[in-house]
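The values are calculated or read from the model by the stated rules, or taken from the named source; none is laboratory data. Just so it is clear, the structure is predicted and the values come from calculations on it, not from any experiment. Every residue, glycine among them, receives a Cβ derived from its backbone with ideal geometry; neighbour counts consider all protein chains shown. Just so you know, the surface numbers come from the protein's heavy atoms only, side chains and all, with ligands and any DNA or RNA stripped out. Shrake-Rupley method; radii C 1.70, N 1.55, O 1.52, S 1.80 Å.
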Amino acid sequence: MKIIDAHIHFSNIRSFHETANQQSHVDYSKSGIVKEFSEAGVVLGIGMGLTETKGIGFPDPEAMTPMGLDLETELPNNIVYCAGINPYSLNDQSLILLEKELQRPNVVGLKIYLGYYPFYAYDEVYHPVYELAEKYDVPVVFHTGDTYSERGLLKFSHPLTLDEVAVRYRNIRFIMAHFGDPWVLTGAEVVYKNSNMYADLSGLIVGTEKELKSYSEGRFLDHLRHALVYCDHYDRLLFGTDWPLAPVKPYIEFVKNLIPERFHEDVFFNNALKVFPRLRNIID
């Protein structure tokens with residue numbers, strides 16, 4: 001089975017290096033992700049554009065829009081990305097740069113970091129971003145749920161706030177990253193109700209293969225299992241790891257245990273091609 005990892009990171013972010021070294025124990029480098037993808041049968045990964053300056057770190061109000069992938073000077077051949085948005089740096093000039101970025105064949109979507117930046121998905125600051133997404137027929141990925149920084153504000157990343165955007169912009173495909181965890185039942189309802197809303201299953205667990213197996217066997221994920229059954233839209237769920245938060249191959253097995261086998265090909269591959277149409281020109 002071919003696999004697309006629809007949510008990874010490849011940015012020189014301090015917290016990602018710390019997580020790789022102290023929690024997931026992955027090799028957070030170009031050679032590291034190439035090796036993990038090869039061993040796991042992943043044919044392509046989608047990076048979430050993100051950068052930080054030498055200031056306070058992410059979330060960084062000084063980062064320029066569009067944010068890209070800067071872990072190393074060159075990307076692996078099988079990694080594309082979603083250009084990241086910093087609402088504090090959105091202005092006429094950055095929107096021109098963002099539009100130029102969307103004309104690159106390896107830019108397949110846009111990423112908005114709800115919760116990390118204190119703006120709701122429906123805030124007017126993002127309206128020009130949605131207009132570009134519609135013009136270039138690319139999806140918009142939202143961070144939702146728990147934030148990986150204590151400086152995040154959870155009210156902005158609650159999945160219910162995406163409903164208003166999905167209704168207003170019916171021609172745009174939106175992706176609810178992390179399924180809104182821990183508010184996954186709300187996330188499930190937003191996906192269920194809106195035909196243009198998708199969700200990825202990335203970043204649900206941080207750690208090694210040991211942690212992934214442990215949480216799979218216990219009751220920790222009962223809320224997620226309930227939400228997946230309630231949503232009942234495996235045609236709108238995407239596989240993603242949130243690498244380097246967890247190793248790729250064990251995370252694949254972790255998600256396989258959550259999804260009925262008859263839907264594996266859709267969740268792990270086909271749905272990503274629907275949401276990210278530019279991938280069809282990239283994958284052989």
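For the structure I just gave you, tell me whether ILE283 is modelled with pLDDT under 95 and either outside any helix (DSSP H, G or I) or on the phi < 0 side of the Ramachandran plot (or both).
Considered against the rule, which asks whether it is modelled with pLDDT under 95 and either outside any helix (DSSP H, G or I) or on the phi < 0 side of the Ramachandran plot (or both), ILE283 comes out as yes.
Which one of the conditions (1) in contact with a helix residue (DSSP H, G or I) (Cβ under 6 Å, 6 or more places away or on another chain); (2) surrounded by fewer than 16 Cβ atoms within 10 Å (Cβ to Cβ); (3) within 15 Å of PRO244 (Cα to Cα) does LYS35 fail to meet, given that it meets all the rest?
Failing condition for LYS35: (1).
Answer yes or no as to whether ILE56 is more than 23 Å from LEU273 (Cα to Cα), among the β-branched types (Val, Ile, Thr) and either open to solvent by less than 10 Å² (accessible area, probe 1.4 Å) or modelled with pLDDT under 95 (or both).
yes
If LEU224 passes every condition in (1) open to solvent by less than 20 Å² (accessible area, probe 1.4 Å); (2) more than 27 Å from VAL138 (Cβ to Cβ); (3) touching a Leu at 6+ places or on another chain (Cβ under 6 Å); (4) in a helix (DSSP H, G or I) but one, which one does it miss?
That leaves (3) as the condition not met.
Restricting to region 104-126, name every residue that is open to solvent by 30 Å² or more (accessible area, probe 1.4 Å), out of contact with any Asp or Glu (no Cβ under 6 Å at 6 or more places or on another chain) and not hydrophobic (A, V, I, L, M, F, W, C).
ARG104, PRO105, ASN106, PRO118, TYR120, ASP123, GLU124
Going by the structure shown, is VAL206 β-branched (Val, Ile, Thr), within 17 Å of the chain's Cα centre (by Cα), modelled with pLDDT of 95 or more and open to solvent by less than 10 Å² (accessible area, probe 1.4 Å)?
No.
Return the residue satisfying two criteria in turn: it lies in region 35-58 and is part of a loop (DSSP other than H, G, I, E, B) and touching a Ser or Thr at 6+ places or on another chain (Cβ under 9 Å), and of such residues it is farthest from ILE112 (Cα to Cα).
That would be GLY57.
State the number of residues belonging to region 230-249 that are of a type outside the set (A, V, I, L, M), outside any loop (DSSP other than H, G, I, E, B) and either open to solvent by 10 Å² or more (accessible area, probe 1.4 Å) or closer than 13 Å to GLY32 by Cβ (or both).
Residues flagged as of a type outside the set (A, V, I, L, M), outside any loop (DSSP other than H, G, I, E, B) and either open to solvent by 10 Å² or more (accessible area, probe 1.4 Å) or closer than 13 Å to GLY32 by Cβ (or both) within region 230-249 amount to 6.
Checking GLU101 against (1) open to solvent by 20 Å² or more (accessible area, probe 1.4 Å); (2) within 16 Å of LEU50 (Cα to Cα); (3) assigned to a loop (DSSP other than H, G, I, E, B), which test does it fail?
Exception for GLU101: condition (3).
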